[in-house]
Ligand SMILES: Cc1ncc(C[n+]2csc(CCOP(=O)(O)OP(=O)(O)O)c2C)c(N)n1
Ligand code: SF4
């Protein structure tokens, strides 16, 4: 049974999001970490290498020559039954792309921390979600965090979710580059023992074992490939249930939980802001301010983008007049953008649907001040009156 | 370690019959010889290519030892992961094995070209594993395209012998020497014809501490347009004509000529190797005569240089 950790055993530190993740990885007693530097993820690996250099972890760190090899080494290590993690962002994640699919399809429960960053060109080191959204169909579970505390907590929970035999899928734990990765916040850290008891030791399902040899990653043609994909899809479908159980246990230990979506004043809201990561924090402040003025706005913060919790999202927004999506990614040539596409699909079967507006914000680290959110809400009000809205538009950009 | 034929034959093959490699393909022989050298327990990490696709068509497998394939360019990186995971789990008391040999295998394309970065990285990091390339001189799995290992004058579907070009124009990448330049403890060239030399060297590669590299010559009747019964003869001729001389490089510096090459009084003419193969047929047209002679000159010069390095 998981017990609540007494307050006296909790250490409070000021940590960046990257450092919080590094500490979580340390406490999860991972066996292998293999990574390649890229801003703004670098600190995770630097901090972890420091732990290794000081003998504070029993992890083998593989300082590979590329992200492609980083994830390849993770797959190899995981195939032997090890608990494995890596971290990346942007171009690094793009270079991993081929192996993302291998890791997921080979059902390796690797944890990949991503400090979300824009993709080239032009080269830009700042935050948006183009990198992980681009990998949304790779078969990774995707969890997005709003705070450094949440980054720490989510990393710990990620291993337990990934390694569950009903799941066996890799997880991306995503934080906004610089906004979280480099920003120091108050983080409550659990004692090592509590984390270790919580995550346990990985019990692999199938491993490369000379006494019981198996062939992993074979060629598989038209006669069986589809069945593999069917099973993979089933594993994805099992994620929400496992996630819920893991979070419940985590809550017993810490009092904290996040849910696959977080509802903030949505019950009676006419307009619901739908977003995730740090813009959700900004949106909360906007909701508070607008509520004081008597405006019925709310926020639905998405935590889990993959698998997409369509039902919870639908339930949470179905009574609203409009949902205003704020997303940091563009899907060039698509009717709208990834987050809005998901939402619209989730709502399609409703007889009475809220209007959906889609605002692309913050590309390449463009600041997203509260006024940007307000701007989107005001536009949405106008579109409600006009009974028509564009499929999407950009906010905060010179036209 | 000297290997006796009797001991070799006692070992159970690591590859079953029923794999789907072409008749006459040298790759399964290369793998079986490797198997005879293994001390075990062993994990094999393979790159995409003929050997991979033909031995593991789901739901069947020809492999009797643990084997993993992830992608085309990452066998060395996967092996790094396997090796380090074993070290970590051993330190934490989570494996029943005292020791694990890790072997990575790639075709020439996977090794000379696309996977070269991963190979170089793994060598530089010094993981204790053996990397073996089975070199059939082209991307055979995708239909005989040129690779960094393709010989000068060789015709492939991306280095055609046409009206103005005589097959591949460039030299073959000297992979063993490039690998040895990483100053790893052991590099050796082998062929499946010289089986005792092969097994002995592979065992040495396993026994040294740190990375080792085995460059196995691997005739491909399909791509080379050679008779299926001539595979072993072509492997022998590759040594006797200097196309694939047999030697070792110790610690990146010391060159040692192996007996089959050392015992050659002089090289046989390159024609002996080329003529039985359709992929060199065009070189015997009059317009490519001088080009062919140039290739011969190059091979001879390379051989003289190698002899010098080996002190013979
Ligand atoms: C990234 C990537 N590019 C291309 C391919 C297609 N491909 C599969 S095997 C192969 C060639 C393999 O050649 P080689 O390594 O020489 O082995 P062989 O098939 O000759 O044994 C290619 C190009 C691939 N699988 N992955
Ligand atoms: S194409 Fe060549 S290398 Fe591939 S299986 Fe056939 S003979 Fe072997």
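Condition check: in contact with a strand residue (DSSP E or B) (Cβ under 8 Å, 6 or more places away or on another chain) and either assigned to a loop (DSSP other than H, G, I, E, B) or at the interface with another protein chain (Cβ under 7 Å from one of its Cβ atoms) (or both). Does residue B:103 satisfy that?
Working: in contact with a strand residue (DSSP E or B) (Cβ under 8 Å, 6 or more places away or on another chain): yes; either assigned to a loop (DSSP other than H, G, I, E, B) or at the interface with another protein chain (Cβ under 7 Å from one of its Cβ atoms) (or both): no.
Answer is no for this residue.
When you look at residue B:11, is it more than 14 Å from chain A (Cβ to nearest Cβ), more than 12 Å from ligand 1 (Cβ to nearest atom) and modelled with pLDDT under 95, yes or no? Don't jump to the end; show me each part of the working.
Details: more than 14 Å from chain A (Cβ to nearest Cβ): yes; more than 12 Å from ligand 1 (Cβ to nearest atom): yes; modelled with pLDDT under 95: yes.
Yes: the conditions hold for residue B:11.
Show the residue pairs meeting these rules: Cβ distance below 8 Å; 6+ apart or different chains; first residue within the range A:196-217 and part of a loop (DSSP other than H, G, I, E, B); second residue modelled with pLDDT under 95.
Sorted first by the residue in the range A:196-217, then by its partner, the pairs are A:210/B:40.
Out of the residues in the range B:132-143 that are over 22 Å from residue B:171 (Cβ atoms) and touching a helix residue (DSSP H, G or I) at 6+ places or on another chain (Cβ under 8 Å), which is surrounded by the fewest Cβ atoms within 10 Å (Cβ to Cβ)?
Taking the candidates together, the pick is B:141.
Within the group A:316, A:269, A:324, A:334, which residue is in a loop (DSSP other than H, G, I, E, B) and in contact (Cβ under 8 Å) with a residue 40 or more places away in the chain?
That would be A:269, the only listed residue that is in a loop (DSSP other than H, G, I, E, B) and in contact (Cβ under 8 Å) with a residue 40 or more places away in the chain.
Test residue B:143 against the stated conditions and say whether it is more than 8 Å from chain A (Cβ to nearest Cβ), within 16 Å of ligand 2 (Cβ to nearest atom) and in a loop (DSSP other than H, G, I, E, B). Lay out the reasoning, then the answer.
On the way: more than 8 Å from chain A (Cβ to nearest Cβ): yes; within 16 Å of ligand 2 (Cβ to nearest atom): yes; in a loop (DSSP other than H, G, I, E, B): yes.
Yes.
Starting from residues that are part of a loop (DSSP other than H, G, I, E, B) and farther than 16 Å from residue B:45 by Cβ, keep the ones in the range B:108-140 and report whichever is nearest to the other protein chains (Cβ to nearest Cβ).
Among those that are part of a loop (DSSP other than H, G, I, E, B) and farther than 16 Å from residue B:45 by Cβ, it is B:126.
Here is a list: B:84, B:98. Which entry is away from ligand 1 (no atom under 16 Å from the Cβ) and either buried (at least 24 other Cβ atoms within 10 Å of the Cβ) or touching a residue at least 40 places away in the same chain (Cβ under 8 Å) (or both)?
Going through B:84, B:98 in turn, just one is away from ligand 1 (no atom under 16 Å from the Cβ) and either buried (at least 24 other Cβ atoms within 10 Å of the Cβ) or touching a residue at least 40 places away in the same chain (Cβ under 8 Å) (or both): B:84.
Where in the range B:205-312 are the helices (runs of 4 or more DSSP H), entirely inside, with at least 1 residues that are within 16 Å of ligand 1 (Cβ to nearest atom), away from every other protein chain (no Cβ under 14 Å) and modelled with pLDDT of 95 or more?
B:221-224, B:231-240
Report the residue count in the range B:53-72 for those that are within 7 Å of chain A (Cβ to nearest Cβ) and within 15 Å of ligand 1 (Cβ to nearest atom). Walk me through how you get there before you give the answer.
Here is the first cut: in the range B:53-72, the ones within 7 Å of chain A (Cβ to nearest Cβ) are B:53, B:56-59, B:61, B:63-71.
Filter again for within 15 Å of ligand 1 (Cβ to nearest atom), leaving B:53, B:56-57, B:69-71.
Here the count works out to 6.
For the range B:17-51, enumerate the residues that are within 16 Å of ligand 2 (Cβ to nearest atom), within 11 Å of another protein chain (Cβ to nearest Cβ) and surrounded by fewer than 23 Cβ atoms within 10 Å (Cβ to Cβ).
Correct list: B:20 only.
Residues that are within 12 Å of another protein chain (Cβ to nearest Cβ) and surrounded by fewer than 24 Cβ atoms within 10 Å (Cβ to Cβ): list the helices (runs of 4 or more DSSP H) wholly contained in the range A:58-136 that include at least 2 such residues.
Numbers: elements: A:67-79, A:90-105, A:130-134.
In the range A:58-136, A:90-105 are the helices (runs of 4 or more DSSP H) which contain 2 or more residues that are within 12 Å of another protein chain (Cβ to nearest Cβ) and surrounded by fewer than 24 Cβ atoms within 10 Å (Cβ to Cβ).
The values are calculated or read from the model by the stated rules, or taken from the named source; none is laboratory data. Please read these numbers as outputs of a predicted model, since none were measured by experiment. Please note: Cβ atoms are built from the backbone with ideal geometry, for glycine as well, and neighbour counts cover all protein chains shown.
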